[in-house]
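Report on one structure; see the data block that follows.
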Amino acid sequence: MSDLGSEEIEEEAENDLGEYEGERNEAGERHGHGKARLPNGDTYEGQYANGKRNGQGLYRFKNGARFIGEYYDNKKHGQGTFIYPDGSKYEGEWVEDQRHGSGVYWYANGDTYTGEWFNHNRHGQGTYVYALTGSKYVGTWVNGQPEGAAELIHLNHRYQGKFVNKKPMGPGKYVFDIGCEQHGEYVHDEKGEEEEEEEALTPIVPKWKATKITALTLWAPEEPPPAPTAPEAPVEALIPEELESSAAETLLETPADTAEAPTDVVEPSEITSPSKELEEDEEGAKEDQGDQAAAGTEEKEEAAKETEPPE
């Protein structure tokens, strides 16, 4: 699937070729409102100025694609909507035939991206919503890829941290709707020489290393999560090991940004909420810490143990 359809769907230059019906200026150039059928089978109806498409117009491609919007010197420039042959659609700002500025892209598989564009790529702040799972990535994009501070939001939990080369990397935290969060970081596993040779043939998958569980805290996207104020006992991860790898591998699969050979879109495996067994492990850790806490703290821990994450 591609969101660069207009690169392979080029518009025919005018140059007075094809059939034309409409207004002209004193020099005989197409000027004002007119209709044209171009030699390649495309059609255009809209405004002209000095022989070129200028102003509002509708351009229909012979393959079924169409553009409705503003032109300047034969190029899409300003506000416009491009509908591609596969049913995907972009609506937003254009600069010299490129998606540039703010816009929304509806993909053929139902996914959507809403945010900033630069030179035809997702670039800047934007939100990508996965139709299959309802998960969404909210944060920074660079040249079409997730990069920088962001949140990956799922049904009953979310991950907050930074992304590098589409993967979570460095300090971050998982925030759960049951009222707690797990701090830690994504790191690369240390590999031996033989493993490093094999790693060159396979993508590197960051490993989640949990450090502590706390109550909910505020998160500032431009800064890493706050450092702990006091040492705490080691905690077991709320995320099962097999899901940690899955999260890093399929965290941000978006439609490929290639025009000629669209690739299959792999939906990200949604990181499910902690299982009941993991909740019991967490509760056990909380009980160990509760032996040293005040009576009021023990009551809170017991209340937390009775709470299960929503399905």
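Values as computed for the structure displayed
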item	result
Stretch gain in nm, segment V164-E21, where the contour uses 0.36 nm per residue and the Cα spacing is subtracted	46.1 nm
Label point distance in nm, E45-V187, each placed 7 Å from Cα along Cα→Cβ	6.5
Length added when fully stretched, H33-Q125, from 0.36 nm per residue minus Cα-Cα	29.3 nm
1.4 Å probe accessible area per residue over the range 53-147, in Å²	42
Inter-part distance where the range 115-143 and the range 50-75 are each reduced to a Cα centre, Å	27
Share of carbon and sulfur in the accessible heavy-atom surface of the range 11-60 [1.4 Å probe, %]	41
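The values are calculated or read from the model by the stated rules, or taken from the named source; none is laboratory data. Note that the structure is predicted; figures quoted are calculated from it, not measured. For neighbour counting, all protein chains shown are included, and Cβ atoms are generated from backbone atoms with ideal geometry for every residue, glycine included. Heads up: the accessible areas ignore ligands, DNA and RNA and are worked out on the full protein's heavy atoms, side chains in. Shrake-Rupley method; radii C 1.70, N 1.55, O 1.52, S 1.80 Å.
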